[in-house]
1. Being at negative phi, modelled with pLDDT under 50 and more than 17 Å from the chain's Cα centre (by Cα) narrows it down to one of ARG108, ARG122, so name that one.
2. Within segment 26-56, work out how many residues are closer than 21 Å to GLU89 by Cα and of a type in the set (Lys, Arg).
3. Suppose we filter segment 1-34 for residues that are hydroxyl-bearing (Ser, Thr, Tyr) and closer than 15 Å to ILE79 by Cα; how many remain?
4. Within segment 31-82, which residues are of a type in the set (A, V, I, L, M, F, W, C), more than 15 Å from LEU20 (Cβ to Cβ) and in contact with a strand residue (DSSP E or B) (Cβ under 9 Å, 6 or more places away or on another chain)?
5. Within segment 1-91, which helices (runs of 4 or more DSSP H) (wholly inside it) include 3 or more residues that are surrounded by 13 or more Cβ atoms within 10 Å (Cβ to Cβ) and either modelled with pLDDT under 95 or out of contact with any Leu (no Cβ under 7 Å at 6 or more places or on another chain) (or both)?
Amino acid sequence: MKVDDLIQASEEAADLMGSLSHPQRLLVLCALADGEKPVSQLREELAIDQVPMSQQLMRLRADGLVEARRVGTTVYYKIARSELLLVIEALQKAFCPDPALKPGRSSRACGETKVAMAAAVRSRPLPRRSRTKS
């Protein structure tokens with residue numbers, strides 16, 4: 001692979017990591033790894049209020065990670081990029097030892113675990129980022 005190709009790939013990977021850099025966005029993507037879901041189901045499974053859910057879905061759409069379709073008043077979301085499933089699976093293997101969280105497992109236990117993860121994310125303070133002047 002040429003250096004120019006590596007530079008381009010690293011920039012794309014860095015953009016993706018930036019898009020994934022919020023716990024609620026990660027939870028949404030983990031829930032969507034099972035397939036398309038309506039917003040109401042995402043909110044229920046992940047215990048995320050309407051405003052933050054809307055904000056995170058808007059960011060994921062703007063970054064091209066999810067697609068939306070409307071049926072009447074219901075909006076359904078799904079993952080838009082297949083390579084994202086590989087990233088989600090790798091993150092789940094590294095950080096979620098519970099096998100119920102693996103993509104393709106849509107069971108009651110999986111939903112309960114996601115709710116527990118969402119509660120843990122909400123209860124944990126986000127680390128402050130140190131900003132250095134250039």
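1. ARG108
2. Of the residues in that region, 1 qualify.
3. Qualifying residue count, segment 1-34: 1.
4. Residues satisfying the conditions are VAL39, LEU42, ALA68, VAL71, VAL75.
5. In segment 1-91, the matching helices (runs of 4 or more DSSP H) lie at 23-32, 39-46, 50-62.
The values are calculated or read from the model by the stated rules, or taken from the named source; none is laboratory data. Bear in mind the structure is a predicted one, so any value in this text is a computation, not a measurement. Because the Cβ atoms are built from the backbone with ideal geometry, glycine has one as well, and the counts that use them run over all protein chains shown.
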